[in-house]
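The next block holds one structure in the form of C-alpha cells; read it before the comments.
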Amino acid sequence: MSQKNDKDLYVPERARIVETKEMTDLEKYFRIKLLDREALGHAPGQFVMVTVYGVGEVPISVSSPPNGRSGEFELVVRKAGNVTQALHNLGTESLVGIRGPFGTNFTSKGFERKDILFIAGGIGLVPLRSFIKQVVNENKKYRKITILYGAKSPDELLFKEEMDQWGKKENVEVKITVDKGDPSWKGNVGVITTLIPPLEIDIQNTLVAVVGPPVMYKFVILSLASKKVANKNIYLSLERRMKCGVGKCGNCQIQGSYACQDGPVYCFADIEHLKEAL
C-alpha cells in the first residue's frame, strides 16, 4: 500500500460500481472501479472501508487478487446491517467511497515449490479467494495446492463454478463439504474439520491459510495440531469490529492488538495467547 498523509487516510476516494451479482440470499458481489487512481494496490487478505453516501461506512475484505483489471477490484458483501443493506440496494453506476487498503496480508513468500493448504468456512472464502486466486494462477510455482471449503448448506456455497475450474488445474485439489445436504447434494456432508484427517500433510513444507467464523478456528487448529502442523506455518484472518481502519479508534482491539493494523492476518504462533480472539 502506498503511503498517505494522515488527512488522506480519513478521506474516501470516489469509486463506481461497474457490476453486481446476487450470490445468495445474503451475499452480493460487486466489481468496483476507482475513479482517481489506477490501482487499489492491495495484497491478499487486506480490507477497505466502503462508504455508502448518506448512510455510513463499513469494512469489507477485498476478494480479488492484486493483478486484476486496471483500477478495479471485487468485493462480496453480506447483508448484516444498515450500511450493508444500503450497499445491497445500490446498482451499477452508483458511486461509493473507498478508503484503504488496510491491514496485514497473506503471503506465500518462502513457500515456493512447497505445499499450500487453504481452509475456508462460509463467507471466509471471500477474503481468502484473493490469496487462492493469486496462488492458483501461479500454480506451477508450488508443489501441491489444496483447498478445503465448507458451508452450512449447498445454497450457501460461494464461487462454486470458480472452484470447479480451480480443481481442474494441475496440482490443485478442491474439497467441499456442507453441514447439511439436500436431495440434490452428492458431495461430502459434515463440518469442515471432517476434511482434514484424510489429508497427507508435509508438516515441514506446508503453509496453511485459514479464514472462517470465529467458532471454526478452535476446531481447525486442533485438527491441524493432530497432524503436527507447526503454529508458525498457520495464518489466520481475525476481522473484528473494524471502524476507522487506521488504529486510532480502538474498536477492533484484541488484548492490545489492533486487528485493523496488526491484522487482520496473523501468524498463529504470534497470537496463541489471544484467547479472546480464538
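The values are calculated or read from the model by the stated rules, or taken from the named source; none is laboratory data. Note that the structure is a prediction, hence the values are computed from the model and not measured. Ideal geometry is used to build each Cβ from the backbone, glycine not excepted, and the neighbour counts take in all protein chains shown.
One residue stands out among those in region 199-220 that are within 26 Å of F47 (Cβ to Cβ) and out of contact with any strand residue (DSSP E or B) (no Cβ under 7 Å at 6 or more places or on another chain): the one that is surrounded by the fewest Cβ atoms within 10 Å (Cβ to Cβ), which is V215.
So that you can scan it fast, the table gives a plain yes or no per residue for (1) more than 21 Å from the chain's Cα centre (by Cα); (2) modelled with pLDDT under 95:
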| residue | (1), (2) |
| --- | --- |
| I192 | no, no |
| I196 | no, no |
| I201 | yes, no |
| V210 | no, no |
| P213 | no, yes |
| Y217 | no, yes |
| S226 | yes, no |
| I234 | no, no |
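Against the test of being closer than 25 Å to S61 by Cα, out of contact with any Leu (no Cβ under 8 Å at 6 or more places or on another chain) and among the aliphatic types (A, V, I, L, M), the options V136, V189, V178 yield a single qualifying residue, V136. The residues on offer are R37, R99, and the sole one that is of a type in the set (K, R) and not in a loop (DSSP other than H, G, I, E, B) is R99. Residues of region 187-203 include at least one that is part of a strand (DSSP E or B), polar (S, T, N, Q) and not assigned by TED's automatic domain parsing to the domain that holds P44.
The residues listed here are E74, E57, E93; of these, the one that is in a strand (DSSP E or B), closer than 19 Å to K21 by Cα and not aromatic (F, W, Y) is E74. Residues satisfying the criterion are absent from region 141-161 (criterion: within 22 Å of I271 (Cβ to Cβ), outside the structural domain of P65 (by TED's automatic domain parsing) and more than 19 Å from the chain's Cα centre (by Cα)).
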